[in-house]
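Visitor: For reference, the structure I am asking about is given below.
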Amino acid sequence: MIESMISAFAEITSGTHLLYLFGGVIMGLVVGIFPGLGGIVGLSLLLPFLYGMDPTSALAMLIGLVAIIPTSDTFTSVLMGIPGSSASQATVLDGFPLAKKGEAARALGAAFSASLYGGVIGAIVLTFFIVIARPVILLFTSAELFMLTILGLSMVGVLAGNCLSKGLLACGLGLMFGALGGAPATGEFRMSFDNAYLGDGLPLVVVGLAMFAVPEIIDLLRSGGSISKSAKLGSGWTQGFKDMWAYRWLCTRCAGIGCIIGALPGLGGSVVDWIAYGHVKQTAKDSSQFGKGDIRGVLAPESANNAKEGGGLIPTLLFAIPGSGSMAVFLGGMELIGLEPGPSMVDGKLNLTYVIIWSLALANVIGAGCCLLISRNVAQLTTIKYVYLAPFMVMVICFAAFQATRDLGDLMVLFAVGLVGIMFKRFGWPRPAFLIGFVLADNSETYLYQAVQFYDWGFLLRPGVIIIFVLTVISIWFGARNAPTGETDLADENKPKPTNMKPQAYFAAFVVFLFAWGLIDGVQHSFLGAVYPVGICLVMLPIAGRLFYVTAKNKTEHAANFDYEIEGDHAGKEGVPGLVYYLTWLAGFIATVMLVGFWIAITGFFLTFLRVHSDASWTRILTMTTCGVGFITSLSWIMVLNFPGGFLQYYFKLPWPLS
Amino acid sequence: MIRTSILTLAAAGFVATTFGAPSPVVAQKVDFAGKRIEWIIPYGTGGGSNRWARFYVPWLQKALPGNPIVAVKNMPGASSTKGTNYFARRGTKDGLSILGTSGSTQFPFLLGDRRVKYDYADWEVILATPVGGVVYINKSLGVKSASDMKKLQKAKLKFGSQGPTSLDLVPLLAFDILGLNVKPVFGMKGRGPSRLAFERGEVRIDYQTTPAFLKRVTPLVKKGIAIPIMTWGTLNENGKLVRDPTFPNLPHVGEVYKMMHGKAPKGPAWTAWKAFMAAGFPAQKMIFVKKGTPKNIVAAWRAAAAKAIAMPGFEAAKNKKLGKYEQATGKKAQALYKVATNVPPAAKKWVLNWLKTRYNKVP
């Protein structure tokens, strides 16, 4: 082991290795900063270079690229509230409110130093863990994995905000949305209206964008001004670094969690961030500021998600089972170079494994360092008047959503789920609880079914299952102890509580309807295809019914009572357009895409939106349009991406980029 | 005068491009120099089809006239019907867009899955890559080779599967025919997770395709955890099932049946199995251009495929990555394509009925 370490150390400190690693990092940074791209697109860019390179240099480049992906999309999630990948959805929760407070540079500084720190801690854990990892991982069978999903779901308690029934319902809706599409046991298509797109289920990235980015865009446009309310940047990234150091034990814990959960094949990296976020919230003494810009809410997921990439290396290297999208890319690249993952990675090729693990840590340091250096400049974006940014945002979000499956359905789901997200924001429903339900829906159902098939119900008595169950109970106990009491944690104490709960009642009725529909759809399937969604709906219906009763009876003193339209920052201000106004713009844009395709629609959107909402001259509008559309066009050309097409493209063959 | 001749020329050009009649001017040399060829792979970046395509890209680039860029475009979704439907609707007839299919694209087509909006008859095959499958079991079952397979009949076995209408139809039906007591556990996200379930000891029988077996299971065989017992075999020129050339020491399913039951397998189940095995494995992966592509372009593609597999270094690289199967081009590829995409109606009917009664599944 020591010998392998020494030879690996010599390898990674050699000049060429560093150079290629750096090259990979820069490439990943350029691709990854744009939401929705990242790993797969990065690989296709890198592939032509990999051929004919010597394996070690190619490997260095590949690692550089993979390491930076969960780091670089932090920019858009903190600055604009756009989670470009599942790795940054939890970061949005507190990162974006910080940017709105004018502390974007601090939030970025904290995020990147946490990434860096988490990446290094992850590498240290891995260095020792990898040697014993194989038997340990094989202990986690479908039964233990199922119990882990329950541990994840128990985080709902802390992510629920002040009203537990809303939290449970949000999680239930997440589970139900996640159950949409092919059933794991039977392949029956649930709740999908015989539609091929829905048959594959809703893509996580689109749901994340819809729940977080869409409501924020609308909100920002309505409140006017710039993202940073003070139009200032506040203290710089050094403050963020100091924050990280002040909470270094928290970061160490989250990095450990990230590393271990990332190492379990089959659970998927997307859970890690939510578990880290839930962990910091349930262990914090004062958790009242979470969701409003608590720096710990940025530190926890960021330190966890870089460590997770390291952990994800274990199943990839030892079993050739990639745990995340970026690891699938990495595996593909390894095979291209001619490296075979498998047990030999710790038997004969341990030095190579160390080269990989440490290169990943080093790439994290380089990547996060680069991001830190440019963060102050990029943070300037938050001081720009939002009206000018908005068309770019719409373009970025729609383009990112479209990368999920490259189907027009991505945009429709973005809009439809975006409506739900807007309602969630308005009525103070916890979006994180929805996301955690959504992320765990498929895994919890699949592993429950498989565990019962493999071990019968006796699986509940397996020692591993019992240990994780005890952990779950402890987690719930911690969460209950720190549950916020009294006032709604989103509300501003100075604003009056809503007196008319009718809009809330309508939404509650809509939720009742959704679960009822899930139930009706569910019972039409065979037992194995139906039992999971029907079970969820049966549990959720009474809770939803009760909430409807409370809101319809206008019980204003109930904890559920919240309406952002009355309690939000913009409430009571002059000249704020209604919620529907900008929504109509978005709907109009997506409808235009369906008619004439993305390229024409986005050009038109830029022109009309800027003309109507800003006082810019035509020259300036044209310049901005050319910049925006030109950028996305060249990006697509380089990366062989298509734009969403509409009816026009269906009936006529048009030259690229119109096609 | 000049004007009229220009008009005539333009009209001739119009006719030529519209009706695909090769005009004498273009019928000569095909040159893809400076062009970018879009290769649609209806699978994600993690799987075997992507690996296969990425393996072929540099060889094709070298072999095609003018050395164009070949860009792989992964379009996964809806069991590969999404990307394939896309090619069927949007693929151009100029040799600049090609499709790579796999057995899991063939099966929904053959079984009449309602998501399928493509027809293999609309395409011209350029190349076909055969592959095999190997069944292996856990050593704890006490079976050392196929010769004591009879012992296995008593064991209750579980098998990790993606679903009965996927390529797993071939193993599931084979186990039924052999009379093994195998219960599939569905919901596996691919063959990889099934192998992991084998390593965990959750399932004790599994199969992998040749490249995956060579790379991933061989270490387990060396450690003594896994014991390979049989292959699907492959079909010779006369349509007879013979041993897989990559594993000459392993018996094929037909031989194993004989060892277990004392007679050669026959009957509608066996015929159906052979038909679907032939659709799924001997031409598992194929490259297509659309029918209606000018003849000289199709010919250029076929020549390039033949040239690619004859290049120095190809054979060794292929044996390592894809197994020791002869890559088929030209007439051979066309023959394999016919077998793979034309299952006898009786076999199809039998399988559909089997899926319905055994798994309550209508594709």
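The values are calculated or read from the model by the stated rules, or taken from the named source; none is laboratory data. Given the structure is predicted, the values throughout are model-derived calculations rather than measurements. Here the Cβ positions follow ideal geometry from the backbone for every residue, glycine too, while neighbour counts run over all protein chains shown.
Visitor: One residue is enough: does the stretch A:308-322 have a residue meeting the conditions within 14 Å of chain B (Cβ to nearest Cβ), under 26 Å from the mean Cα position of the chain (by Cα), within 17 Å of A:ALA255 (Cβ to Cβ) and buried (at least 24 other Cβ atoms within 10 Å of the Cβ)?
Guide: Yes; the residues of the stretch A:308-322 include at least one that is within 14 Å of chain B (Cβ to nearest Cβ), under 26 Å from the mean Cα position of the chain (by Cα), within 17 Å of A:ALA255 (Cβ to Cβ) and buried (at least 24 other Cβ atoms within 10 Å of the Cβ).
Visitor: With respect to A:ILE150, determine if the residue is surrounded by fewer than 23 Cβ atoms within 10 Å (Cβ to Cβ), of a type in the set (A, V, I, L, M, F, W, C) and within 14 Å of chain B (Cβ to nearest Cβ).
Guide: Values: surrounded by fewer than 23 Cβ atoms within 10 Å (Cβ to Cβ): yes; of a type in the set (A, V, I, L, M, F, W, C): yes; within 14 Å of chain B (Cβ to nearest Cβ): no.
It is false that A:ILE150 is surrounded by fewer than 23 Cβ atoms within 10 Å (Cβ to Cβ), of a type in the set (A, V, I, L, M, F, W, C) and within 14 Å of chain B (Cβ to nearest Cβ).
Visitor: Looking for something among the β-branched types (Val, Ile, Thr) and farther than 29 Å from A:SER444 by Cα - is there at least one such residue anywhere in the stretch B:197-209?
Guide: no
Yes/no per residue for (1) assigned by TED's automatic domain parsing to the domain that holds A:LEU93; (2) modelled with pLDDT under 90; (3) small (Gly, Ala, Ser):
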| position | (1), (2), (3) |
| --- | --- |
| A:MET393 | yes, yes, no |
| A:ALA404 | yes, yes, yes |
| A:PHE424 | yes, no, no |
| A:PHE427 | yes, no, no |
| A:ALA441 | yes, no, yes |
| A:GLN450 | yes, no, no |
| A:PHE454 | yes, no, no |
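Visitor: Which one of the conditions (1) away from chain B (no Cβ under 11 Å); (2) of a type in the set (A, V, I, L, M); (3) under 23 Å from A:LEU21 (Cβ atoms); (4) surrounded by 23 or more Cβ atoms within 10 Å (Cβ to Cβ) does A:ILE261 fail to meet, given that it meets all the rest?
Guide: With (1) away from chain B (no Cβ under 11 Å); (2) of a type in the set (A, V, I, L, M); (3) under 23 Å from A:LEU21 (Cβ atoms); (4) surrounded by 23 or more Cβ atoms within 10 Å (Cβ to Cβ) applied to A:ILE261, the lone miss is (3).
Visitor: Further, regarding this structure: Just wondering, is there one or more residues in the stretch B:150-164 that are among the hydroxyl-bearing types (Ser, Thr, Tyr), without any contact (Cβ under 8 Å) to a residue 60 or more places away in the chain and closer than 22 Å to B:TRP270 by Cα?
Guide: There is at least one residue in the stretch B:150-164 that is among the hydroxyl-bearing types (Ser, Thr, Tyr), without any contact (Cβ under 8 Å) to a residue 60 or more places away in the chain and closer than 22 Å to B:TRP270 by Cα.
Visitor: Got a sec? Which of A:GLY32, A:GLY24 is at pLDDT 80 or above and surrounded by 20 or more Cβ atoms within 10 Å (Cβ to Cβ)?
Guide: A:GLY24
Visitor: Here's another thing I want to ask about it. Listed residues A:ALA591, A:ALA571, A:ALA560, A:ALA587; which is crowded, with 21+ Cβ neighbours inside 10 Å and not assigned by TED's automatic domain parsing to the domain that holds A:PRO215?
Guide: A:ALA560
Visitor: What are the residues in the stretch B:99-118 that are more than 22 Å from B:LEU355 (Cα to Cα) and within 16 Å of the chain's Cα centre (by Cα), if any?
Guide: Hits for the stretch B:99-118 are B:LEU99, B:GLY100, B:THR101.
Visitor: Looking at (1) in contact with a Phe, Trp or Tyr (Cβ under 8 Å, 6 or more places away or on another chain); (2) over 20 Å from A:GLY418 (Cα atoms), which is the one condition that is false for A:GLY81?
Guide: So the condition that A:GLY81 fails would be (2).
Residues checked against (1) modelled with pLDDT of 90 or more; (2) within 13 Å of A:TYR388 (Cβ to Cβ):
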position: A:THR608; (1), (2): yes, no
position: A:HIS613; (1), (2): no, yes
position: A:THR619; (1), (2): yes, no
position: A:THR626; (1), (2): yes, no
position: A:ILE638; (1), (2): no, no
position: A:GLY646; (1), (2): no, no
position: A:GLN649; (1), (2): no, no
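Visitor: Looking at A:LYS425 and the list (1) touching a helix residue (DSSP H, G or I) at 6+ places or on another chain (Cβ under 7 Å); (2) among the basic types (Lys, Arg); (3) farther than 30 Å from A:VAL534 by Cβ, which single condition is not satisfied?
Guide: (3)
Visitor: Ok, one more. What's the total number of residues in the stretch A:201-260 that are basic (Lys, Arg) and within 17 Å of A:ALA99 (Cβ to Cβ)?
Guide: Residues flagged as basic (Lys, Arg) and within 17 Å of A:ALA99 (Cβ to Cβ) within the stretch A:201-260 amount to 2.
Visitor: Now a separate question. For the stretch A:428-467, enumerate the residues that are surrounded by 24 or more Cβ atoms within 10 Å (Cβ to Cβ), of a type in the set (Phe, Trp, Tyr) and part of a helix (DSSP H, G or I).
Guide: Listed by number, the residues that qualify are A:PHE434, A:PHE438, A:TYR447.
Visitor: Mind checking which residues of the stretch B:173-190 are touching a Lys or Arg at 6+ places or on another chain (Cβ under 9 Å) and either free of Cβ contacts under 8 Å to residues at least 24 places away in the same chain or of a type in the set (Lys, Arg) (or both)?
Guide: Scanning the stretch B:173-190 gives a single hit, B:LYS183.
Visitor: Could you tell me whether B:GLY179 is surrounded by fewer than 22 Cβ atoms within 10 Å (Cβ to Cβ), within 11 Å of chain A (Cβ to nearest Cβ) and on the phi > 0 side of the Ramachandran plot?
Guide: Criteria not met by B:GLY179.
Visitor: Looking at B:GLY163, B:GLY192, which one is out of contact with any strand residue (DSSP E or B) (no Cβ under 8 Å at 6 or more places or on another chain) and part of a loop (DSSP other than H, G, I, E, B)?
Guide: B:GLY163
Visitor: Suppose we filter B:PRO193, B:PRO171 for residues that are more than 30 Å from B:GLY262 (Cα to Cα) and either modelled with pLDDT under 90 or more than 11 Å from chain A (Cβ to nearest Cβ) (or both); which single one remains?
Guide: Working: B:PRO171 fails: more than 30 Å from B:GLY262 (Cα to Cα).
Only one candidate qualifies: B:PRO193.
Visitor: Can I ask one more? Need pairs with beta-carbon distance below 8 Å; first residue at positive phi and within the stretch A:286-314, second at pLDDT below 85; sequence gap 6+ or separate chains.
Guide: Every condition considered, the pairs that remain are A:GLY291/A:GLY161; A:GLY291/A:ASP489; A:GLY291/A:LEU490.
Visitor: Then there is this: With the stretch A:53-161 as the region, which helices (runs of 4 or more DSSP H) entirely inside it contain at least 1 residues that are in contact (Cβ under 8 Å) with a residue 40 or more places away in the chain, farther than 29 Å from A:ALA400 by Cβ and over 18 Å from the mean Cα position of the chain (by Cα)?
Guide: Ranges flagged: A:55-72, A:104-139, A:142-153, A:156-159.
Visitor: Based on this model, can you work out whether A:GLU144 counts as modelled with pLDDT of 90 or more, in contact with a Gly (Cβ under 6 Å, 6 or more places away or on another chain) and either closer than 30 Å to A:GLY342 by Cβ or not β-branched (Val, Ile, Thr) (or both)?
Guide: yes
Visitor: Looking at (1) within 14 Å of chain B (Cβ to nearest Cβ); (2) surrounded by fewer than 22 Cβ atoms within 10 Å (Cβ to Cβ); (3) on the phi < 0 side of the Ramachandran plot; (4) out of contact with any His (no Cβ under 8 Å at 6 or more places or on another chain), can you tell me which one A:GLU188 breaks?
Guide: Of everything listed in (1) within 14 Å of chain B (Cβ to nearest Cβ); (2) surrounded by fewer than 22 Cβ atoms within 10 Å (Cβ to Cβ); (3) on the phi < 0 side of the Ramachandran plot; (4) out of contact with any His (no Cβ under 8 Å at 6 or more places or on another chain), A:GLU188 misses just condition (4).
Visitor: Take A:LEU317 and tell me if it is within 22 Å of A:GLY32 (Cβ to Cβ) and hydrophobic (A, V, I, L, M, F, W, C).
Guide: Considered against the rule, which asks whether it is within 22 Å of A:GLY32 (Cβ to Cβ) and hydrophobic (A, V, I, L, M, F, W, C), A:LEU317 comes out as no.
Here is a yes/no grid of residues against (1) within 28 Å of A:VAL396 (Cα to Cα); (2) among the charged types (D, E, K, R); (3) not assigned by TED's automatic domain parsing to the domain that holds A:PHE112:
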position	(1), (2), (3)
A:LEU169	no, no, no
A:GLY172	no, no, no
A:PHE177	yes, no, no
A:PHE189	no, no, yes
A:LEU202	yes, no, no
A:VAL205	yes, no, no
A:GLY208	yes, no, no
A:VAL214	yes, no, no
A:ILE227	yes, no, no
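Visitor: Being surrounded by fewer than 24 Cβ atoms within 10 Å (Cβ to Cβ) and hydrophobic (A, V, I, L, M, F, W, C) is the filter; apply it to the stretch A:161-176 and report the residue that is nearest to A:ILE468 (Cα to Cα).
Guide: Residue satisfying both the conditions and the ranking: A:LEU168.
Visitor: Then there is this: Identify, by number, the condition in (1) polar (S, T, N, Q); (2) within 14 Å of chain B (Cβ to nearest Cβ); (3) within 25 Å of the chain's Cα centre (by Cα) that A:GLN380 doesn't meet.
Guide: Unmet condition: (2).
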